[in-house]
Amino acid sequence: MTDTGSLPPQEAPPGCPAHAGGVRLGGLEYQQTPSQLYRSLRREHGAVAPVLLDGDIPAWLVLGYSELSYVTANDELFARDSRRWNQWANIPEDWPLLPFVGYQPSVLFAEGEEHQRRAGVITEALEGIDQFQLARECRQIADQLIASFAGSGEAELMSVYTHELAMRATLAMIGMPHSGDDTQRMVADLRVSLDAAEGDDPVAAYARVGERIQRLIADKRERPGSDITSVMLHHPAGLSEEELVQDLITVIAAAQQPTANWICNTLRLLLTDERFAVSVSGGRLSVGEALNEVLWLDTPTQNFIGRWAVRDTQLGGRRIQAGDCVVLGLAAANTDPQIWPEGHVGAENAAHLSFSSGEHRCPFPAPQLADVVARTAVETLLERLPDLVLAVAPEELTWRPSIWMRGLASLPVEFTPVVH
Ligand code: HEM
């Protein structure tokens, strides 16, 4: 293992994760081969390992399948409101993980009955989506996007296809048109607020997204449809305007990034693994099998931050103190040798933890909707551009450095140009 950056033990207060020599969970090295890091962490620490988040902030990474299931099943012990954290005094204002770890009054950080109320509204709204209609809309979006690059014979799919498609499909679900200038600006602002590049202003972009959602809510008040926004707006739970804005942004953010990376990682598998041999049309295993294998081996939300211990407790033989942060190691748990004793990680079933579990899991039927979007995106691309191949050697593909998400920095492909 390369330098994993142990913190000198004398800097850590007794009982905190850094005391045991936390391993930094950042950096490119980790991102390229996380499975090696999980193996070595398991060897050294067992199912629960001390780690360091950005800025060497200590936390626990749960690597074990049964330990992770225990954490997510006991939300009164490992709770979601991050204001419990015993590390806030050490966290700078510009901490990079703040946007999705810092408390917000959204469903993500709600607990108990309040969480049930908010998640219940989202679940009902998602249940209202017609999955056949969604598939038709996704195919239309896919066709539009493919038409924009099909004539050139080459494309970088992360920028022109996967992220764009997942975003437009999500906007269609919340009841916004998936094309037009207004939508284009919203797509650009959402991208910046979720995944800012240098020179971007994510705070201003996030504020514009909030304003745009408020206009959408006003519009749906007047002219309700069968979309998520309309169902949430008219739900008897009576969400306030602020709750609606917060939870709609949460739905958009929660849907876009993981679905885009699910599409990306599935395309990578299909284009690089000879079992799926895309160049021989008809000779490949099904797209459904590839989608499922990705959830086991390259799951889009590889880690989720997290849960915060309500009181002192034990986990995986570790002493966890009240207020400690516990990171859900979803990718690590999926490949836990305890559930794959023969060393082979299979894709035969859907018992992975890629959508988490327990009270805060990805709300049913979101995984099904994501499956419709991802499947349609992959199938349409392979149908329209049947001789699609990677434009670089597989080992040249690099992963984006993110602790949350597993997705490629770019996915360059080539194909015979198609002129419409
Ligand atoms: C249509 C697409 C999707 C929608 C609408 C959606 C929606 C959501 C929402 C609203 C939450 C917050 C739940 C809560 O805190 O109660 C959530 C959580 C989550 N979602 Fe999804 N999601 C989508 C796709 C995905 C995909 C593709 C993945 C990964 C394969 C994923 C993995 C997760 C995970 C790991 C959580 C965190 C659960 C936890 O805290 O334990 N989601 N999702």
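General remarks:
- Using Cβ point charges alone (K and R +1, D and E -1), the dipole size of the stretch 303-420 about the Cα centre works out to roughly 620 debye.
- Each Lys and Arg adds +1 at its Cβ and each Asp and Glu adds -1 at its Cβ; summed about the Cα centre, the stretch 9-414 shows a dipole of about 520 debye.
- Charge tally in the Cβ shell below 10 Å around Val231, where Lys, Arg are +1 and Asp, Glu are -1, Val231 excluded: -2
- Protection proxy ranking of 399-410, 123-134, 254-265 - average other beta-carbon atoms within 10 Å, highest first: 254-265, 399-410, 123-134
- Neighbourhood net charge (13 Å Cβ-Cβ; Lys/Arg +1, Asp/Glu -1) for Ser410: -1
- Each Lys and Arg Cβ is given +1 and each Asp and Glu Cβ -1; about its Cα centre, the stretch 128-172 then shows a dipole of about 120 debye.
- Taking the chain as a Gaussian network of alpha-carbon nodes connected by springs under 10 Å, the highest mean-square fluctuation of the residues Glu111, Glu76, Glu44 belongs to Glu44.
- Springs join every pair of Cα atoms under 10 Å in this Gaussian network model of the chain, and among Leu369, Leu216, Leu63 the largest mean-square fluctuation is at Leu216.
- Net length available on complete extension from Asn86 to Ala207 is 40.6 nm, with 0.36 nm assigned per residue and the Cα-Cα distance removed.
- When the helices of the chain are scored as -39500 (n - 2.57) per DSSP H run of n ≥ 4 and the total is divided over every residue, the value at 222 nm lands at -14000 deg cm²/dmol.
- Phi angles across the stretch 57-72 convert, under the Karplus curve 6.51 cos²θ - 1.76 cosθ + 1.60 with θ = phi - 60°, into 3J(HN,Hα) values of 7, x, 7, 10, 9, 8, 9, x, 4, 6, 5, 5, 5, 5, 4, 6 Hz, Gly and Pro given as x.
- Rounded to whole Hz, the Karplus (6.51, -1.76, 1.60) HN-Hα couplings of the stretch 216-229, x for glycine and proline: 4, 4, 4, 5, 6, 5, 6, 10, x, x, 9, 9, 4, 4
- Hydrodynamic radius by Kirkwood, which averages 1/r over all alpha carbon pairs of the stretch 9-414, in angstrom: 22.1 Å
- Couplings 3J(HN,Hα) for the stretch 237-254, derived from phi with the Karplus relation 6.51 cos²θ - 1.76 cosθ + 1.60 (θ = phi - 60°), are 5, x, 5, 6, 4, 5, 4, 4, 4, 4, 6, 5, 4, 4, 4, 4, 5, 5 Hz, where x marks Gly and Pro.
- Candidates Glu164, Glu156, Glu222: whichever shows maximal mean-square fluctuation once the chain is modelled as a Gaussian network with Cα springs under 10 Å: Glu222
Rule-based calculations on the coordinates, nothing more; no lab input. Since the structure is predicted, the reported quantities are computational estimates derived from the model, not experimental observations. Positions of Cβ are generated from backbone atoms using ideal geometry, with glycine treated the same way; all protein chains shown enter the neighbour counts.
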